[in-house]
Every structure is written in C-alpha cells, then in structure tokens.
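The values are calculated or read from the model by the stated rules, or taken from the named source; none is laboratory data. Note that the structure is predicted; figures quoted are calculated from it, not measured. Cβ atoms come from the backbone with ideal geometry, glycine included; neighbour counts cover every protein chain shown.
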Amino acid sequence: MTAVGTGRFGAVLNRIEKETAELRERGCPADYIPGLAGADIRRFGMAVAEPDGTVYGVGDWRTPFSTQSITKVFALALALSLEGEQIWRNLGREPSGNPFNSLVQLEYENGVPRNPFINAGALVVTDRLQSLTGDAAGQVRDLLRAESGNPAIDFVPEIAASEAAHGDRNAALAHFMASYGTIANPVPGLLAAYFRQCSIEASCADLALGASFLARRGVREDGSALLTPSQAKQVNAVMLTCGTYDAAGEFAYRVGLPGKSGVGGGIIAVVPGVCTLCVWSPGLDRRGNSVAGVSALDRFTTLTGLSVF
Ligand code: GLN
C-alpha cells in the first residue's frame, strides 16, 4: 500500500473537508448501541483508494471506527464467492423502502428478507457463511486484513457485547426467520457471529482498500479473483439500490454511486474502474446514514463528474 497525502483526487478531498465542516455539527451518533453513543460527531475522515493500491485521504482517514453494516458488503462478497447463486435461495435483492432493522416485510414475504444489506438479509448471509466456513465473522475480518494490508484490523469485544445486550430487535428478526426455516444455525450462535462481524474496527484507508476488488471487477489485491466480473457488478448493483436502506433512492440521486453505510458513521462507495472511497463522520440522520458522509460523497461526484450515470 502506498500512502500519500495527495493523489489524483487530493485537491478535491481537501476542498470537501473544508466544505463539509459545518455539517459536522449535525446528526446524532447511533445511541441504540450504547458503545457507539459517545462518538464525537465532529470527527471526519475521507480516503480514496485507486485500483493500483495507492491510498490517500484527509482528516481522520487513518482512525479506526466501528464498521457496522459496511461489513455486510464483505460478507455478501464472500458468500457469493463460495456458493454463487445459491446465496439467493432465501434472500431477495430489491430495495426494502423500510428501516434497516424493520420486521414488517418479513411476515408478508414468508420470512425471506428483501435484500442482503438490511439486518434480516445480513443475518441470512452470515448464517450461510457460518455454515460454509464455521467462522463467518473471522472470514470477514480476514478478508479486510488481506485486502487492506493491515493485520491489526479486529473485532471490538466491548462493542459486540454492547450490541448483544441491546440486541432484541436483531434477535427477533433471527428467531422469526428461524421459524420459517430461512436460517439454519441456532439463533444464539448466529447472533454472536453477526455482532462480532459488526464490531470490526477499521479506518477509511482500510475500508477503501478493502473494497477495491469492487472497483477491479472482482480482482483481489494479490491478483486472484474473489468474484467474477459479473458478480462484482451484481454486488455493486445491490449496493446502489439497497446500500443505504430507506434512503437508497436519495443516495443514488445525490451521489450516483454504489454505496454502503453503517451506523458507526462510515460509508464506502465505488467508482468502478476508477477508485473506491470511504468517508467517516459519526453524526447520523434519522435513517442511520452519516450526514457529513453523504454530503462529502455528493460533493465528490459533483466536483469530479464521476458517477455510474
Ligand atoms: N450492528 C448494527 C445492527 O445490527 C448494524 C446496523 C447498521 O449499521 N445499519 O443494528
């Protein structure tokens, strides 16, 4: 990994850091996970990784933060690489239009979640990964370590425990799906794996590098293929339509890129063939997406003219 302060988009990043300054007063950290509630909403980092492994950024771009739902992308990529189309057996790929932790659609739709990036769908992916590998969360962590070149990336047991202690909503989703036979593993172990996966801490630099295979048509840092070009396209497409929950339409409108947010305040975004981006700022809007983060990505695509449209 080459780390430099500037690069092809260095000037743009500097401008975005200044232009989003006043937004870093807005929004609230996720408070339903007590371990995240104390995050400082003035923190801001943004990194760009180019397909050759060059990475650079501004602000707190090297500070680890709680990746949360961003890990859903890596879990899906691993599951797709291991079992291909089979992963869609009990999993849709339509936007839900509902909050990420909503239960309401599940009963109407016979226990099959709308997509892999809401919590119910992510539990299905983690369940498959657990069955296929025996250690879903470890696989996600190891993929991130390998792609970012950072062996220090790890779980944060206190965050996993904090979420588990307040995890009634996710437990309800998992038990409900178990009643339909949508998931195979015992619920307590599945929840533990899911909370561990969500507790992974990584920086903007780590995540921008980690997601680079999505800008390289599925090719990993070492040149091997994690996904086929077609599968990489599929993951990017689901990120575009479902990656920011019930704000996915607004995100596509403003940013115009495949993106995935997490309630730690991070968002990754992909410009296929050009670069991957990661932005972090913990102040969330009411749908659980970083206020300054969405604006920073909006500014990036507006200033550079880069988007998938
Ligand atoms: N761990 C969080 C949860 O399951 C992840 C949600 C998110 O980042 N949107 O509620």
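Could you check segment 114-138 and list, in sequence order, the residues that are under 21 Å from VAL263 (Cα atoms) and assigned to a helix (DSSP H, G or I)? Spell out how you get there, then give the answer.
First, the residues of segment 114-138 that are under 21 Å from VAL263 (Cα atoms): 114-126, 136-138.
ASN119, ALA120, GLY121, ALA122, LEU123, VAL124, VAL125, THR126, ALA136, ALA137, GLY138 - these are the residues of segment 114-138 that are under 21 Å from VAL263 (Cα atoms) and assigned to a helix (DSSP H, G or I).
Considering each of ASP40, ASP31, ASP52 in turn, give the residue that is of a type outside the set (A, V, I, L, M), under 22 Å from ASP222 (Cα atoms) and assigned to a loop (DSSP other than H, G, I, E, B).
On the way: ASP40 fails: under 22 Å from ASP222 (Cα atoms); ASP31 fails: under 22 Å from ASP222 (Cα atoms).
Residue meeting the stated conditions: ASP52.
May I ask you to say which residue of ASP52, ASP40, ASP31 is surrounded by fewer than 15 Cβ atoms within 10 Å (Cβ to Cβ) and within 16 Å of the ligand (Cβ to nearest atom)?
Working: ASP52 fails: within 16 Å of the ligand (Cβ to nearest atom); ASP40 fails: within 16 Å of the ligand (Cβ to nearest atom).
When all the criteria are applied, what remains is ASP31.
Residues of segment 146-159 being closer than 30 Å to SER224 by Cβ and either of a type in the set (A, V, I, L, M, F, W, C) or within 10 Å of the ligand (Cβ to nearest atom) (or both), which ones?
We begin by selecting, within segment 146-159, every residue closer than 30 Å to SER224 by Cβ; these are 146-156.
Matches in segment 146-159: ALA146, ALA152, ILE153, PHE155, VAL156.
For (1) in contact (Cβ under 8 Å) with a residue 12 or more places away in the chain; (2) on the phi < 0 side of the Ramachandran plot; (3) within 16 Å of the ligand (Cβ to nearest atom), each residue gets a yes or a no:
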position	(1), (2), (3)
ARG217	yes, no, no
SER224	no, yes, no
ASN236	yes, yes, no
PRO258	yes, yes, no
GLY266	yes, yes, yes
LEU284	yes, yes, yes
THR302	no, yes, no
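What are the residues in segment 61-81 that are in a strand (DSSP E or B) and among the aromatic types (Phe, Trp, Tyr), if any? Before the answer, list the steps.
Step one: of segment 61-81, the residues in a strand (DSSP E or B) are 65-66.
Answer for segment 61-81, where residues must be in a strand (DSSP E or B) and among the aromatic types (Phe, Trp, Tyr): just PHE65.
Just to be sure before I move on: is ARG93 at pLDDT 95 or above, away from the ligand (no atom under 16 Å from the Cβ) and either assigned to a helix (DSSP H, G or I) or over 18 Å from the mean Cα position of the chain (by Cα) (or both) in the structure I sent? Outline the logic, then answer.
Values: at pLDDT 95 or above: yes; away from the ligand (no atom under 16 Å from the Cβ): yes; either assigned to a helix (DSSP H, G or I) or over 18 Å from the mean Cα position of the chain (by Cα) (or both): no.
So ARG93 fails the test.
Provide a single number: the residues in segment 272-309 that are crowded, with 24+ Cβ neighbours inside 10 Å and not aromatic (Phe, Trp, Tyr).
First, the residues of segment 272-309 that are crowded, with 24+ Cβ neighbours inside 10 Å: 275-282, 284, 289-290, 292-294, 296-297, 300.
With the extra rule that they be not aromatic (Phe, Trp, Tyr), the set shrinks to 275-279, 281-282, 284, 289-290, 292-294, 296-297.
Final tally of qualifying residues: 15.
From (1) of a type outside the set (A, V, I, L, M, F, W, C); (2) surrounded by fewer than 23 Cβ atoms within 10 Å (Cβ to Cβ); (3) within 15 Å of the ligand (Cβ to nearest atom), pick out the condition that doesn't hold for SER199.
(2)
What about LEU190, is it part of a helix (DSSP H, G or I), more than 15 Å from the ligand (Cβ to nearest atom) and buried (at least 24 other Cβ atoms within 10 Å of the Cβ)? Steps first, answer last, please.
Working: part of a helix (DSSP H, G or I): yes; more than 15 Å from the ligand (Cβ to nearest atom): no; buried (at least 24 other Cβ atoms within 10 Å of the Cβ): yes.
For LEU190, the condition - part of a helix (DSSP H, G or I), more than 15 Å from the ligand (Cβ to nearest atom) and buried (at least 24 other Cβ atoms within 10 Å of the Cβ) - is not met.
Name the single residue that is surrounded by the most Cβ atoms within 10 Å (Cβ to Cβ) among those in segment 136-150 being in contact (Cβ under 8 Å) with a residue 24 or more places away in the chain and charged (D, E, K, R).
GLU147
So which residues in segment 76-115 are farther than 26 Å from ALA211 by Cα and surrounded by fewer than 14 Cβ atoms within 10 Å (Cβ to Cβ), if there are any at all? Spell out how you get there, then give the answer.
So the first thing to find is which residues in segment 76-115 are farther than 26 Å from ALA211 by Cα, and the list is 102-112.
The answer is VAL104, GLU107, TYR108, ASN110.
For VAL124, work out the one condition from (1) within 16 Å of the ligand (Cβ to nearest atom); (2) closer than 21 Å to VAL238 by Cα; (3) touching a Gly at 6+ places or on another chain (Cβ under 9 Å) it doesn't fulfil.
The one condition VAL124 does not meet is (3).
Among the residues of segment 162-187, write down those that are within 10 Å of the ligand (Cβ to nearest atom), surrounded by fewer than 18 Cβ atoms within 10 Å (Cβ to Cβ) and outside any helix (DSSP H, G or I).
HIS166
Here are GLY293, GLY273: which of them is part of a helix (DSSP H, G or I) and at pLDDT 95 or above?
Details: GLY273 fails: part of a helix (DSSP H, G or I).
The unique qualifying residue is GLY293.
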